[in-house]
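**Q** The structure's right below; bear with me while I get my questions together.
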Amino acid sequence: MPAVDDRPLVNLVGRPAHDLVVLLTDSVRRPFYARQVARWLTERHATSFEEMTDLPKQLRSELGRRFRISDPEILETARSRDGSVKWLFGLDDGLSVEAVAMPDGAKLTLCLSSQAGCAVGCLFCVTGALGAGRNLRPDEIVGQYRVMLRDLAVSVDRVNIVFMGMGEPLLNTTHLGVALETLFHRVSPKRITVSTSGILPGIRWLAGLSRPPKLAVSLNAPDQERRRFLMPIADRYPLDELMAELRRFPLERGRRITFEYVLIRDVNDAPGDPQALARLIRGIPTKVNLIPLNEDADHFPDLRRPDDDSINRFAMALRDAGITVTVRWSKGLDVDAACGQLKGRHQGSPTRRQAS
Ligand code: SF4
């Protein structure tokens, strides 16, 4: 069916239910139908108007002439032996982003991207090596989740969501805010985590939300000097200012801030580092997630993962210092599961980085 005029059809994906009702009311004449369409999209994740069989046939055709329901296109899917699945999604302007589903006991963690690239440039990250990209729109963010649920045929009750894929979510707060509102319709804020490299205005934005998701901070070093070496963003938002902001962060009862710490041999795994880290975060309700580096000989050949004994010793020392610790033993190493690796392989010609 042609569009009603030459304008591109408006995509209904990624919009919160109340926005959909407002947007559709004129087209459907009866508010009841607008609410039905909103339910089909936000609860049943419909992919076409034809599926909406409780709407009159004529209305479905009319909606198809004015609107579209479009998700990102799957360019590649890779399934790992450990059960994790990775998708490379194509966007309508030719860019691509990745998303990963990782089994976590009876649950599944969906790791979504918020930008098509990243300007933050962390030394240990393939996405950072690939360079900046544009902000994803709400339909492109929520679309990843919709496609993943469909592809895995999994119920929404089984999933947690983390914004830890490509991009810095707190540099895309306008679109992230809309996407979160849409996701909250089916996924509680308690089951959604936004992970940041430490963007202070973004952390303040998150603190001001009426329904804030959980916060994770990619820390990676117990002092400013090494953090700055690994994460150039620390020049702009120094560690002492970041920690002061996090001490002010309003945490709901029972919530904690997760600190992620990518463990890199001879960079941030020295014998005194667990104690220094424990001192740095003391007083904040917290959990530390140790992430042994996913090595990438093409993008950061000088950075190595510590051996398993060193990783276990680091975790034990943190526990001895009274910190709750988990170790994320790498999932999906056989399918380029680290952020940006699949896209990097697709793009070819890696950007090599020197660690020293
Ligand atoms: S780790 Fe996150 S913030 Fe850092 S470069 Fe990669 S995507 Fe960007």
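**Q** Collect residues whose amide H, placed 1.01 Å from N in the peptide plane, falls under 5 Å from the amide H of Glu295; neighbours closer than 5 in sequence don't count.
**A** Those qualifying (amide H under 5 Å, at least 5 residues apart or on another chain) number zero.
**Q** Ranked by Cβ crowding within 10 angstrom, fewest neighbours first, how are Ser218, Ser113, Ser330 ordered?
**A** Ranked by crowding around the Cβ, least crowded first: Ser330, Ser218, Ser113.
**Q** Nothing charged except the Cβ atoms of Lys and Arg (+1) and of Asp and Glu (-1): what's the magnitude of the dipole of the chain about its Cα centre? Round to the nearest 20 debye.
**A** Dipole size: approximately 1160 debye.
**Q** Gain in length, Ser27 to Glu76, computed as 0.36 nm per residue apart minus the alpha-carbon separation, to one decimal in nm?
**A** Contour length minus Cα-Cα distance gives 14.0 nm.
**Q** Using a Gaussian network model of the chain with C-alpha springs under 10 Å, which one of Leu290, Leu239, Leu55 is most mobile by mean-square fluctuation?
**A** So, out of Leu290, Leu239, Leu55, the one fluctuating most is Leu55.
**Q** Can I ask one more? Below 8 Å between Cα atoms, with a sequence gap of 6+, how large is the relative contact order for the range 105-223 in percent?
**A** Result for the range 105-223 is 27 percent.
**Q** If one computes P(r) from the Cα atoms of the range 130-190, what percent of pairs lie at distances over 16 Å?
**A** More than 16 Å apart: 45 percent of the Cα pairs in the range 130-190.
**Q** Distances over 26 Å make up what percent of all Cα-Cα pairs in the range 193-316?
**A** In whole percent, the share of Cα-Cα pairs in the range 193-316 beyond 26 Å is 21.
**Q** Does the range 83-124 come out rounded, prolate or oblate by the C-alpha gyration tensor, with a ≥ b ≥ c the root eigenvalues, rounded set by a/c under 1.5 and, if not, prolate when a/b is larger than b/c and oblate if not?
**A** Verdict is oblate for the range 83-124.
**Q** Could you work out the relative contact order of the range 204-334, using alpha carbon pairs under 8 angstrom and six or more residues apart, expressed as a whole percent?
**A** 25 percent
**Q** When the label point is put 7 Å from the Cα of Gln58 along its Cα-to-beta-carbon vector, which residues of the range 27-44 have a backbone N closer than 20 Å?
**A** 27-37
**Q** Kirkwood Rh, Cα Rg: Rg to Rh for the range 104-158?
**A** 1.08
**Q** Report ³J(HN,Hα) in whole Hz for each residue of the range 137-144, in order, from the Karplus equation J = 6.51 cos²θ - 1.76 cosθ + 1.60 where θ = phi - 60°; Gly and Pro get x.
**A** Taking θ as phi minus 60°, the curve returns 7, x, 5, 6, 6, 5, x, 4 Hz for the range 137-144.
**Q** What list of ³J(HN,Hα) couplings, whole Hz, do you get for the range 180-194 from phi and the Karplus terms 6.51, -1.76, 1.60, once you set θ to phi - 60° and write x for glycine and proline?
**A** 4, 4, 5, 5, 4, 4, 10, 10, 5, x, 5, 9, 10, 10, 9
**Q** In addition: For Leu75, which sequence-distant residues (separation of 5 or more, or a different chain) have an amide H within less than 5 Å of its own amide H, given hydrogens modelled in the peptide plane?
**A** Leu88, Phe89, Gly90
**Q** With the cut-off at 1.5 for a/c, could you classify the range 259-300 from its C-alpha gyration tensor as rounded, prolate or oblate?
**A** Oblate.
**Q** Helix-only estimate, please: 222 nm mean residue ellipticity of the chain, summing -39500 (n - 2.57) across DSSP H runs of length 4 or more and dividing by its residues, to the nearest 500.
**A** -10000 deg cm²/dmol
**Q** State, to one decimal in nm, how far the label point of Arg304 lies from the label point of Asp104, with both points 7 Å from Cα in the Cβ direction.
**A** If labels sit at Arg304 and Asp104, their model points lie 3.1 nm apart.
**Q** Can you tell which of Ser84, Gln36, Ser61 lies farthest toward the positive end of the dipole of the range 1-86, using +1 and -1 charges on the Cβ of basic and acidic side chains (Lys, Arg; Asp, Glu)?
**A** Toward the positive end, the furthest listed residue is Gln36.
**Q** List the residues, sorted by chain then number, that are 5 or more residues from Arg68 or on another chain and whose placed amide H is less than 5 Å from its amide H.
**A** Long-range HN contacts for Arg68: Val10, Asn11, Leu12.
**Q** Grab the beta carbon distance between Asp266 and Leu152, set R0 = 22 Å, and tell me the FRET efficiency rounded to 0.05.
**A** 0.05
**Q** From a point 7 Å beyond the Cα of Arg236 in the direction of its Cβ, which residues of the range 169-195 have a backbone N at a distance under 17 Å?
**A** Within reach of a label on Arg236: 169-176, 195.
**Q** Among rounded, prolate and oblate, which fits the range 224-278 when a ≥ b ≥ c are the square roots of the eigenvalues of its C-alpha gyration tensor, a/c under 1.5 means rounded, and a/b larger than b/c means prolate?
**A** Oblate.
**Q** Do you know the relative contact order of the chain, to the nearest whole percent, from alpha carbon pairs under 8 angstrom that are 6+ apart?
**A** 16 percent
**Q** Applying the Karplus parametrisation 6.51 cos²θ - 1.76 cosθ + 1.60 with θ = phi - 60° to the phi angles of the range 258-265, what ³J(HN,Hα) value in whole Hz is obtained for each residue in order, glycine and proline being reported as x?
**A** 8, 9, 8, 9, 6, 7, 10, 4
**Q** Between Phe124, Phe300, Phe32, which gets the highest mean-square fluctuation from a Gaussian network model of the chain, Cα cutoff 10 Å?
**A** Among Phe124, Phe300, Phe32, the largest mean-square fluctuation in the Gaussian network model of the chain belongs to Phe32.
**Q** So how strong a dipole does the range 253-323 carry about its Cα centre when Lys and Arg Cβ are +1 and Asp and Glu Cβ are -1, to the nearest 20 debye?
**A** For the range 253-323, the charge dipole is close to 780 debye.
**Q** Still on this model: Among Val142, Cys118, Pro238, whose Cα sits farthest toward the positive end of the charge dipole of the chain (+1 at Cβ of Lys/Arg, -1 at Cβ of Asp/Glu, about the Cα centre)?
**A** The Cα lying farthest towards the positive end belongs to Val142.
**Q** Any chance you could run the full-extension gain for Arg211 through Glu51? It's 0.36 nm times the residue separation minus the Cα-Cα distance, nm to one decimal.
**A** Fully extending the segment from Arg211 to Glu51 adds 54.4 nm.
**Q** Another question, if that's okay. Compute and list, largest first, the equivalent-ellipsoid semi-axes of the range 135-237 from the alpha carbon gyration tensor, each √(5λ) rounded to a whole angstrom.
**A** Three semi-axes, in Å: 27, 15, 13.
**Q** With a cap of 15 neighbouring Cβ atoms within 10 Å, and only residues DSSP puts in a loop, list the GluC sites (Glu not before Pro) found in the range 1-100.
**A** Filter output for the range 1-100: Glu43, Glu50, Glu51.
**Q** Take every Cα-Cα pair in the chain and report what % of them are more than 27 Å apart.
**A** Roughly 49 percent, once rounded to a whole number.
**Q** Right, next: Quick one: P(r) of the range 1-107 from all Cα-Cα pairs, 10 Å bins, percents rounded to integers, in order of increasing distance.
**A** Over the range 1-107, the share of Cα pairs per 10 Å bin runs 13, 36, 28, 18, 5, 0 percent.
A short reminder: the numbers here are calculations on the coordinates, not readings from a lab. Predicted, not measured: the structure shown is a model, and the values here were computed from it. Don't worry about glycine lacking a Cβ; one is built from the backbone with ideal geometry, like all the others, and counts go over all protein chains shown.
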